[in-house]
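Right, one structure below, let's go through it.
The values are calculated or read from the model by the stated rules, or taken from the named source; none is laboratory data. Because the structure is predicted, anything quoted here is derived from the model rather than measured. Quick reminder, even Gly has a Cβ in these numbers, built from the backbone with ideal geometry, and neighbours come from all protein chains shown.
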Amino acid sequence: MKTLTVALKENGYDIYLGKGILEKFKSLCEKKSLPKRMCFVIDENVFRIHKKYLQTFLIDEKNDLVYKFPSGEKSKSLKQISELHKIMLENKLGRDTLIVAVGGGVTGDAVGFAASIFMRGIPVVHIPTTLLAAVDSSIGGKTGINFNNTKNIIGSFHQPKFVLIDTTFFSSLPEKEITCGLGEIIKNAFLTGQTFYDEANAAIPLFYQKDFSKTENLIANSINVKAEVVSNDERETGLRKILNFGHTFAHAFESELKFKIKHGEAVVAGIICALYLSHEKGFISEQQLEKFLYLPKQIPIPTSLKKLDKEKLYQVMLSDKKNRDGKIKFVLLKNIGEILLDVEAEKVKVFNSFERMFKSI
Ligand SMILES: NC(=O)c1ccc[n+]([C@@H]2O[C@H](COP(=O)([O-])OP(=O)(O)OC[C@H]3O[C@@H](n4cnc5c(N)ncnc54)[C@H](O)[C@@H]3O)[C@@H](O)[C@H]2O)c1
């Protein structure tokens, strides 16, 4: 088992990573003197697929409160939060209760939020079961729900007591969910350095073969990138911008495809565009471009991207709340591990980047 740390001024916590480590959950809780009363909120698909494993190592359905959380983005809603709070009240849960969120980013975000406002905040532990939740959403304490068609507009910062990542859960992930996690992993590889980048290049097929024993290092490296950025910028004041590499483009793709593309797939396409734009701007050579494109191009992304209208995409990027002064600020690349923030670009270069990405998929 690997132990990683999110070092914060207050309330720092550990992330445990390994295969079959669910059995360590209870002893970790004891070691950290966490409440003995537990409420497990488990993604309904995870419960269905891994019922036996969960019953053997995590839950005691006779004594613990187990709530099967409806899967899907629609569950990040006030309605779902009040439903959960109602059940918590009916079962007389209080500050002496530990909430354990078991599932992907949807479960983690919603349950983290529910825990953060119940009785002004009760403790939570995350057990992420998707690759994306493991490397991204379960780290950093950001919780949230959607409201009035706006994603993550209501939320809070609520750091977990610890995060336990048992790669056993990943064996049942569909290919698309693997891609979603890989989007963030390859982004982190570009942000970090040559070794991580080379490791990522070699490991992509292993993820799709679900050989997670050989990918553990890479998952740990990726977690460390997010953990480090979060440690230095807990309340998202600026440094976290680096994590937006590929995301300015990605948000436009998601919006124009009416969210019929997964976020991670949009991130991969966004990284490809960011690399083309870095080349258009003269930050990287033709030779570097070819070399760098090899990593994202190993990951399958939907060809529906090709039909998108460049002008509409551009307008979506302009209207992003981060671009209030009417200029799009890109996160671009100079080299592996050398990131440029707040870069502006001529419209024609942005259009060329879209065009080159469309042609390449
Ligand atoms: N808080 C943050 O910092 C942060 C960061 C990134 C993303 N997010 C949020 O995360 C959410 C996306 O998370 P996600 O991609 O994990 O989606 P998700 O939670 O919807 O999970 C994707 C699908 O996989 C299923 N699933 C989960 N674990 C499984 C397993 N082990 N085997 C088989 N199926 C499984 C779920 O039931 C669901 O159908 C979005 O709402 C996004 O806004 C939050």
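Summary table
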{"quantity": "From Ile328, Ile284, Ile361, residue being in contact with a strand residue (DSSP E or B) (Cβ under 7 Å, 6 or more places away or on another chain), of a type outside the set (S, T, N, Q) and surrounded by 15 or more Cβ atoms within 10 Å (Cβ to Cβ)", "calculated": "Ile284"}
{"quantity": "Residues within the stretch 66-88 that are near the ligand (Cβ under 10 Å from one of its atoms), touching a residue at least 40 places away in the same chain (Cβ under 8 Å) and surrounded by 21 or more Cβ atoms within 10 Å (Cβ to Cβ), tallied", "calculated": "2"}
{"quantity": "Tabulated pairs, the stretch 89-113, first closer than 30 Å to Lys176 by Cβ and modelled with pLDDT of 95 or more, second more than 10 Å from the ligand (Cβ to nearest atom) and aromatic (Phe, Trp, Tyr), C-beta under 7 angstrom, 6+ apart or interchain", "calculated": "Val100/Phe40; Val102/Phe40"}
{"quantity": "Residue in the stretch 218-227 that is β-branched (Val, Ile, Thr), within 16 Å of the ligand (Cβ to nearest atom) and closer than 22 Å to Leu275 by Cα present", "calculated": "yes"}
{"quantity": "Given (1) at pLDDT 95 or above; (2) out of contact with any strand residue (DSSP E or B) (no Cβ under 7 Å at 6 or more places or on another chain), index of the condition Ala220 fails", "calculated": "(2)"}
{"quantity": "Unique residue being closer than 17 Å to Thr179 by Cα and of a type in the set (Lys, Arg) when the list is Lys297, Lys281, Lys321, Lys310", "calculated": "Lys297"}
{"quantity": "The lone exception for Glu286 - which of (1) at pLDDT below 95; (2) more than 30 Å from Gly72 (Cα to Cα) it fails", "calculated": "(1)"}
{"quantity": "Residue match in the stretch 247-263 (condition: outside any helix (DSSP H, G or I), at pLDDT 95 or above and among the small types (Gly, Ala, Ser))", "calculated": "no"}
{"quantity": "The stretch 125-177, residues that are assigned to a strand (DSSP E or B), among the hydroxyl-bearing types (Ser, Thr, Tyr) and free of Cβ contacts under 8 Å to residues at least 40 places away in the same chain", "calculated": "Thr143, Thr150"}
{"quantity": "Residues (more than 18 Å from Asp211 (Cα to Cα) and not basic (Lys, Arg)) located in the stretch 14-28", "calculated": "Asp14, Ile15, Tyr16, Leu22, Glu23, Phe25, Ser27, Leu28"}
{"quantity": "Boolean, Lys312 is surrounded by fewer than 16 Cβ atoms within 10 Å (Cβ to Cβ) and in a helix (DSSP H, G or I)", "calculated": "yes"}
{"quantity": "Residue within the stretch 249-258 that is of a type outside the set (Phe, Trp, Tyr), surrounded by fewer than 16 Cβ atoms within 10 Å (Cβ to Cβ), more than 21 Å from Tyr16 (Cα to Cα) and touching a Ser or Thr at 6+ places or on another chain (Cβ under 6 Å) present", "calculated": "no"}
{"quantity": "Set Ala220, Ala200, Ala227: member being farther than 29 Å from Lys9 by Cβ and aliphatic (A, V, I, L, M)", "calculated": "Ala200"}
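Quick grid of which residues meet (1) at pLDDT 95 or above; (2) within 12 Å of the ligand (Cβ to nearest atom):
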position	(1), (2)
Ala115	yes, no
Ala133	yes, yes
Asp136	yes, yes
Gly144	yes, yes
Gly193	no, no
Phe207	yes, no
Ser213	no, no
